[in-house]
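**Student:** Structure incoming, see below.
Each reported figure results from applying straightforward, stated rules to the coordinates on display, with no laboratory input. All figures in this text were calculated on a predicted structure; none of them were measured in a lab. Every residue, glycine as well, gets a Cβ built from its backbone with ideal geometry; the counts of neighbours run over all protein chains shown.
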Amino acid sequence: MIVTNTGFVYIMTNKNKTVLYTGVTNNLCRRIYEHKNHLIKNSFTDRYNVEYCIYFEEFANFKSALLREKELKKWNRQKKENLIKKKNPEWKVIVTENGFIEE
């Protein structure tokens, strides 16, 4: 088994793109699976049906990803939308529980 200290910061939304959720993980596909299947009952993402990953950043170590998540969580919605639009202007799903989507 390969052990990695990689970290990901990600932003997810719901079907109507009315909600933004920012999270951090060491395994992005597994975490998206957990969100899409509502494995954490009564969580924010469960209550608001947050299932679509529209943005992510990868870091060489988890600590850097955690610091970036804390930074992004302080941002207002407009600033987050601008960040998403730079990488994903159409807000397409770019990562699923099955892997990263290539254009």
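**Student:** Determine the calculated [θ] at 222 nm for the chain from helices alone, applying -39500 (n - 2.57) to every DSSP H run no shorter than 4 residues and normalising by the residue count; nearest 500 deg cm²/dmol.
**Tutor:** It comes out at -10000 deg cm²/dmol, rounded to the nearest 500.
**Student:** Taking the C-alpha atoms of the chain, how large are the radius of gyration and the largest Cα-Cα span, Dmax, in Å?
**Tutor:** When restricted to the Cα atoms of the chain, Rg and Dmax are 13.1, 41 Å.
**Student:** With an 8 Å Cα cut-off and a minimum separation of 6 or more residues, compute the relative contact order for the chain in percent.
**Tutor:** That works out to 34 percent.
**Student:** First obtain the Kirkwood hydrodynamic radius of segment 56-103 from its Cα pairs, then insert it into the Stokes-Einstein equation at 20 °C and 1.002 mPa s, and state the resulting D in µm² per second as a whole number.
**Tutor:** 174
**Student:** Sort 84-92, 19-27, 49-57, 65-73 by packing, meaning the average of other beta carbons within 10 Å per residue, with the highest value first.
**Tutor:** 49-57, 19-27, 65-73, 84-92
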